[in-house]
Amino acid sequence: MASDDSARPTKIRYGVMVLVTFVAILLYLDRYCLSTADRDIKDELKLTESQMANVLGSFFLTYAVCQIPFGLLSDRYGPRKMLTFYMLIWSALTGCIGLARGYYDLLLYRLGCGMFEAGAYPACAGIIRRWIPYPQRGLASGIVSLGGRLGGTITPKLTAVLMVAFVAWYPVGSWRPVMMIYGVFGIVLSATFWMIFRDSPQQHTACNGAEADLILRGDPQPRSHETAAPLDWLLRGVLRNGSLWLCSLVQFGVNFGWVFLITYLNRYLNDVHQVDIAERGTMSSLVIGISLPALILGGWLTDAITQRLGQRWGRCLPLVTTRFLAAAAFIAVPFVSDPWAIVWLLGAVAFFSDLGLPALWAFNMDVGGRNVGFVLGWGNMWGNLGAAVSPIALNMIVQHLLDQGETAKYAWDAVFLTCGGVFVIIGIAALGVD
């Protein structure tokens, strides 16, 4: 770190945020790519709908159960070492998907991707806490989340375009080289992250003392030491905290409903509205793209309300209102027949869901302190258990109604009403988040 503490603060923290945002883009690029290609993968590998549902849900299962252990590793060994390692492995596994020869290959690679992606957001939360001043952490959380949603926005369209481009060389299996390209991109980014990033301002040679002081100023939890607390102490604290349990319920429900947008929207548009793959890619990208401004706005909103009304309402109020608004959009879908109108309603689901996301991140950082990786991992675990259950449960609803002789539209309308009901429940639960 530069020794001139009297100088104007350097701005290395902004470069760190750019780098972390690219990590978030990669995270969602590799998370979403399979959903866009699922119809082609299912046909080529001769999978059943249940097997495809298992593959889509398997990612979130290991992503959920590995949140706490990988969050702890990030707290104890620092995000530079651990996030580089996580990126390297999940990127390699994404590339290996292009080599899958059957159901079990595909399932194994997706389980591995979920496992190693699990450490990414806990590590990113630790980076924000180490590098961003306290009054700006909500906004910083929104920017990182924006990176994820940007990845989610470009992935459906980019994957569809690349698949179409590769059809000339791969009439069957044009999805395979796409997965390999994504894997190579991630490996390059992991090497870049290792070379540029440092775990704290004090360790970065280009960061001066004035910037380090600025980052530390105003933190309500002074950093007398940064080593993580013992695991048994952390578990007792989390298990006894009613507010964290309510927040976990909110995260479970959010992902249960929201994950439809990245798992079954492609299938829904194909089965109910017979939309071709190119237009499905455009529609899926638009749904996620609509939410992009919400993450910045949500970060500003939670910071502004916190400054005016305190932490309790600054985190709680955005969560409550946005859950109810997303529920209303879900419930409206069965009453609309035009596919583009439905896309805009599902875009509203994505927008309002993401508008409250920075408040969730900031709440976990408020509670977690020096153990933010563990606490964020705890909440993300429950959120992604919801995401793991969702594809299987929603597929069961659809298949049951189809087996009863109902139309595809009726079956999928039941899915939208189910997701809307879940959002109503978690909106009520969010009132208790303190």
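The values are calculated or read from the model by the stated rules, or taken from the named source; none is laboratory data. Keep in mind the model is a prediction, meaning the values are calculated, not measured. A quick note on method: Cβ atoms are made from the backbone with ideal geometry, for glycine too, and the neighbour counts reach across all protein chains shown. In case anyone asks, the SASA skips ligands and DNA or RNA and just uses the protein heavy atoms, side chains included. Shrake-Rupley method; radii C 1.70, N 1.55, O 1.52, S 1.80 Å.
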Report task. Round to a whole angstrom and tell me the spacing of the C-alpha centers of region 151-169 and region 106-149. Result -> 25 Å
**Report entry** Among Ser74, Ile97, Cys33 the positive-end extreme of the charge dipole of the chain (Cβ point charges)
**Finding:** Ser74
Query raised in the report: Taking a probe of 1.4 angstrom, what is the accessible area of Asp434 in Å², to the nearest 10?
Result: 110 Å²
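Go ahead and estimate [θ] at 222 nm for the chain from helices alone: -39,500 (n - 2.57) per DSSP H run with n ≥ 4, summed, over the residue count, rounded to 500.
Values: 21 runs with 342 residues, N = 434.
Computed mean residue ellipticity for the chain: -26000 deg cm²/dmol.
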Report summary line: From most to least accessible, 1.4 Å probe, no ligand or DNA/RNA atoms counted, Met180, Met283 line up as Met180, Met283
Requested in this report: Take Leu417, project a point 7 Å from its Cα along the Cβ direction, then tell me which residues of region 324-351 have their backbone nitrogen under 18 Å from it.
Outcome: 327-337
**Report entry** Dipole of the chain [Lys/Arg +1, Asp/Glu -1 at C-beta], most positive-end residue of Gln307, Ala326, Val184
**Finding:** Gln307
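Report the extension gain between Leu431 and Tyr14 in nm, rounded to one decimal, defined as 0.36 nm multiplied by the number of residues separating them, less their alpha carbon distance.
Working: separation 417, 0.36 × 417 = 150.12 nm, distance 3.38 nm.
Contour length minus Cα-Cα distance gives 146.7 nm.
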Query raised in the report: Once the whole set of protein chains is in place, how much accessible area is left on Met195, using a 1.4 Å probe, in Å² to the nearest 10?
Result: 130 Å²
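From the Cα gyration tensor of region 359-434, with a ≥ b ≥ c the square roots of its eigenvalues, which class applies: rounded if a/c is under 1.5, or else prolate if a/b is larger than b/c, or else oblate? Before the final figure, lay out the partial values.
Working: a/c = 5.15, a/b = 2.48, b/c = 2.08.
Prolate is the answer for region 359-434, as a/c is 1.5 or above and a/b outweighs b/c.
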Report summary line: Those trypsin sites (Lys or Arg not before Pro) from region 6-106 that are DSSP loop and have at most 16 other Cβ neighbours within 10 Å turn out to be Lys11, Lys46, Arg101
Query raised in the report: How far, in degrees from 0 to 90, does helix 103-117 lean away from the longest principal axis of the Cα atoms of the chain, to the nearest 10?
Result: 20 degrees
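Can you give the charge dipole size of the chain about its Cα centre, rounded to the nearest 20 debye, using +1 on the beta carbon of Lys and Arg and -1 on the beta carbon of Asp and Glu?
Numbers: 31 positive and 28 negative charges, 176 e Å.
Result for the chain is approximately 840 debye, rounded to the nearest 20.
Relative contact order for the chain: what percent, with Cα pairs under 8 Å and sequence separation of 6 or more?
Values: 791 pairs, mean separation 116.2, N = 434.
Computed over the chain, the figure is 27 percent.
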Query - Rounded to the nearest 10 Å², the accessible area of Leu417 at probe 1.4 Å - result: 80 Å²
Report summary line: Longest principal axis of the chain (C-alpha) makes with the long axis of helix 79-97 (C-alpha) an angle, in degrees to the nearest 10, of 10 degrees
Query - Sequence of Tyr410, Tyr182 from largest to smallest accessible area, 1.4 Å probe - result: Tyr410, Tyr182
Query raised in the report: If you find the alpha carbon centre of region 399-415 and of region 305-357, how far apart are they in angstrom?
Result: 26 Å
Query raised in the report: Tilt of helix 372-403 relative to the longest C-alpha principal axis of the chain, in degrees (0 to 90, nearest 10)?
Result: 10 degrees
Report task. Please list the non-local residues whose amide H lies under 5 Å from the amide H of Asn208, H modeled 1.01 Å from N, same-chain partners needing a gap of 5 or more. Result -> Ala2, Thr10
Report task. Pull out the extension gain between Gln203 and Leu235, defined as 0.36 nm times the separation in residues minus the alpha carbon to alpha carbon distance; nm, one decimal. Result -> 8.5 nm
